[in-house]
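In what follows, a structure is listed as structure tokens, so that the remarks can point back to it.
The values are calculated or read from the model by the stated rules, or taken from the named source; none is laboratory data. From a predicted model like this one, the values you see are computed outputs, not experimental measurements. Don't worry about glycine lacking a Cβ; one is built from the backbone with ideal geometry, like all the others, and counts go over all protein chains shown.
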Amino acid sequence: MPAHVPNAGLTRRDLLKRTGGLAALAAFTAACGGNTGRPSSGGGGGGTKVNLSQWYHQYGETGTQQAALKYAKAYTDANVAVQWTPGDYGAKLSSGLLSSKGPDVFESQFNIGMVKSNQVVALDDIIADVKDDFLPGDLATNTIDGKIYGIRMIIDPQVIYYRKSMLDKAGIKPPETVDDLIAASKELTTNKVKGMFVGNDGGNGMGGPALWSSGGSYLTEDNKPGFTGDRAAKAFGKLHELYASKSILLGAPTDWWDPTAINQGLVAMQWIGMWAVPGMQKVLGDDIGVIPFPKLDAEGKPAVYSGGWTQFVSAKSANVDAAKKFVKWLWIDKSEYQEDWSLNYGFHIPPRKSLAAKASKLQSGVAADTVKLNEDYGHTDNPAWTPKMGTAFTDLLTNCIKKGADPAAEIAKAEKTVNAELSRLFG
Amino acid sequence: MSAPAKTSAVPATAGERRGSRRRKGIAGNALWFWIFVGPFVIGLLIFSYLPIIWSLVLSFFEAYNTATPSKFVGLHNYVDMLTDHNFLSSLGTFTIFAVFIVPLTFVLALALALLVNQVKIARAFFRSVFFLPTACSYVVASLIWKLSIFNGVRFGLANTVLGWFGIENIAWLSTVDPPWYWIPLVTVRLWLQLGFYMILFIAGLQRISPTLYEAAYVDGAKPGWQVFRYITLPQLRATSVAVLILNLIAAYQAFDEFYNLVGNVNYARPPLVYLYGISLGSIQDLGHGSAGALILAVIIMLVTLLQNRIFGFGKAGD
């Protein structure tokens, strides 16, 4: 399932900056080493601080890494070392969590496998007082068996942004159904501009929203496959129709999470997250509009993928209590840092209702529209949906979208894998 | 009497001395042997054999998100992998890749070697020029192929060239019908590895005794195809077999260019990318991943042995 994926590219300047940053970090940790040692002669027990390691994936927006370091430095009860991870964060995190050498505190997306293999600890005690200040979906996505395992850091709605001027010029209204979307994409295609960019994979990221827009879901309430049936098959078929319409951009140097394609005028519409709004506004000004993934048909309902990142405490940490305390400090108590993280780099919705209500940058223009769409049509991840199920679903989408395979047959194949996983997890 | 006794005594002591020196020499040699070889043997044990043994252990356990599993499942993981259509199709993907890459590399590397070997001027230059890409990392080359040569937009190199002839842009890496993605995948590997196999062939060519050619000419063989077919090619047998085996194993181990060019997609996923996705990606299913890796290792061993049978690599006289 696509989350907020970082820009994997590394420019020479980035590299220099990063290696410089590394040197600075080394100097910083060395300096800390000097300060944090034993208490001065005759001192009591106090004064020794524990060391915590906090892992982030590489956010694409400039300034995020400095911000993360700033927060860590401002924390006085422990020495927090930030590890900023370019490239395949998921794989690095997975191997880090196998041993106690990994992170104490890390960001990720939650799934039941993390609880089953005892990777994370429950955080009910630190969130209890402010539980009501979080949206129900953001709590549910981090809850298994009534226990909350993660504190939502940011919400990243994924939607379709479009160039108002291009749609106006072609006399097209913002699409309201999937058929409208396909027709609009075709109509907006010229020899220089493609109608839409949905990712170089041909639109796998829209698989979930397409499913939701047909009335389906990944899993039903009682944990059975929810992506079966004729309507789901129809939704996947529509994604193939869009792919085969020759109106989508493929093989772009950057992928769907980066606004370069729409900014450079390669496309009129792009499937992307709200994080990119500042980047798009810088280039396109007010020439951006937003729609949710449109409903499949009259019976369907528009859909928004309400993704994001969540903070966890590793169960293998030697300092679980100190790590929990730090997470509470940064992601529950320090609202000015949460606001900074959500609004000053890319745009994200702060998960705290009280904070979101105050977020003035999200109260006008296309950002406000996106927030509203997320409220009305947002779907969060189901924690029972494991990465293995996700891979089976992605294979289903690739076969349907790119190869034009029969959706019903592909659904049957994925259903087999998902059922095997479900019986492993729930017996 | 004393004189001969003396003379006989001298060689005896010399012999003794020589003998003791030899003994010391052997001990010294053994010491140096271990100083040079030891670190590599230790490295091999720790970084190769231990992981292989550990993955053998893991392959009999249910091991999600852990390298120290507790639930023994016997051959269950092996059965799953052998009936997993994705794993089987990844072997199919590899087969298609090998069908392209092995003969192409063989023929082109041999042709290059023959040409470079005949060049009379600037030999070192031509050899280095063709060998140089071998020094380039697969990841770097893949990124160049993906971002500048074979990107799908109008300013990609390949599309610019096609544009001169009025041909529409092609999304090289995203199109499955026709499967254009094979062109970047095969060309990047060709570019990277041709030089290496060319050097192997050049070494083989230089081992062929010139007297064979002279004899052939005396017997009336025509330079060109006839000499190549009856002298050069048979004399290159050992090199050819080595090139084929190394090439096939390298193809089985294909990972970097697939991972970087097309990612973990089910239509172009060789076995290693699939196994990486299962065991080291977000799924972290080390049990199934290990079982798959061992199945793959057995297949590679069987194919190599079979090739040996057919071509007779390492026979006396080769």
Selection within the stretch A:105-145 - more than 14 Å from chain B (Cβ to nearest Cβ) and β-branched (Val, Ile, Thr): A:Val105, A:Val121, A:Ile126, A:Ile127, A:Val130, A:Thr141, A:Thr143, A:Ile144
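For (1) touching a Leu at 6+ places or on another chain (Cβ under 7 Å); (2) at pLDDT 90 or above; (3) under 28 Å from B:Ile202 (Cα atoms), each residue gets a yes or a no:
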residue: B:Ser137; (1), (2), (3): no, yes, yes
residue: B:Val140; (1), (2), (3): no, yes, yes
residue: B:Ile149; (1), (2), (3): yes, yes, no
residue: B:Thr160; (1), (2), (3): no, yes, no
Any helices (runs of 4 or more DSSP H) falling wholly within the stretch B:53-159 and containing at least 2 residues that are free of Cβ contacts under 8 Å to residues at least 60 places away in the same chain and over 15 Å from B:Thr187 (Cβ atoms): B:76-82, B:85-118, B:123-131
Conditions (1) within 14 Å of chain B (Cβ to nearest Cβ); (2) at pLDDT 90 or above; (3) within 24 Å of A:Trp275 (Cβ to Cβ); number of the one not met by A:Gly102: (3)
Per-region count, the stretch A:186-198, residues surrounded by fewer than 23 Cβ atoms within 10 Å (Cβ to Cβ) and in contact with a Gly (Cβ under 9 Å, 6 or more places away or on another chain): 6
Count of residues meeting criterion [of a type outside the set (S, T, N, Q) and surrounded by fewer than 20 Cβ atoms within 10 Å (Cβ to Cβ)] in the stretch A:329-344: 8
Residue selected from the stretch A:392-405 under the condition in contact (Cβ under 8 Å) with a residue 12 or more places away in the chain and either over 20 Å from B:Leu173 (Cβ atoms) or basic (Lys, Arg) (or both), by the criterion nearest to the other protein chains (Cβ to nearest Cβ): A:Lys402
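Conditions tested, residue by residue: (1) in contact (Cβ under 8 Å) with a residue 12 or more places away in the chain; (2) more than 30 Å from A:Asn200 (Cα to Cα); (3) charged (D, E, K, R).
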{"residue": "B:Leu248", "(1), (2), (3)": "yes, yes, no"}
{"residue": "B:Val262", "(1), (2), (3)": "yes, no, no"}
{"residue": "B:Pro271", "(1), (2), (3)": "yes, no, no"}
{"residue": "B:Tyr276", "(1), (2), (3)": "yes, no, no"}
{"residue": "B:Asp285", "(1), (2), (3)": "yes, no, yes"}
{"residue": "B:Gly292", "(1), (2), (3)": "yes, no, no"}
{"residue": "B:Arg309", "(1), (2), (3)": "no, yes, yes"}
Conditions (1) surrounded by fewer than 22 Cβ atoms within 10 Å (Cβ to Cβ); (2) modelled with pLDDT under 95; number of the one not met by A:Ala183: (2)
Residue in the stretch B:178-201 that is free of Cβ contacts under 8 Å to residues at least 40 places away in the same chain and more than 22 Å from the chain's Cα centre (by Cα) present: yes
Which numbered condition A:Phe236 misses (of (1) out of contact with any Leu (no Cβ under 6 Å at 6 or more places or on another chain); (2) in contact (Cβ under 8 Å) with a residue 60 or more places away in the chain; (3) surrounded by fewer than 24 Cβ atoms within 10 Å (Cβ to Cβ)): (3)
Filter pass, B:Gln193 being polar (S, T, N, Q), out of contact with any Ser or Thr (no Cβ under 8 Å at 6 or more places or on another chain) and within 30 Å of A:Thr398 (Cβ to Cβ): no
Considering residues of the stretch A:77-88 that are farther than 17 Å from B:Ser279 by Cβ and of a type outside the set (Gly, Ala, Ser) only, the residue farthest from the other protein chains (Cβ to nearest Cβ): A:Asp77
Elements of type helices (runs of 4 or more DSSP H) contained in the stretch B:228-318, each with 1 or more residues being more than 14 Å from every other protein chain (Cβ to nearest Cβ) and of a type in the set (Gly, Ala, Ser): B:237-252, B:286-311
Residue match in the stretch B:100-116 (condition: over 30 Å from B:Ser59 (Cα atoms), at pLDDT below 90 and more than 14 Å from chain A (Cβ to nearest Cβ)): yes
Residue that is in the same structural domain as B:Trp172 (by TED's automatic domain parsing) and buried (at least 20 other Cβ atoms within 10 Å of the Cβ), where the choices are B:Arg269, B:Arg229: B:Arg269
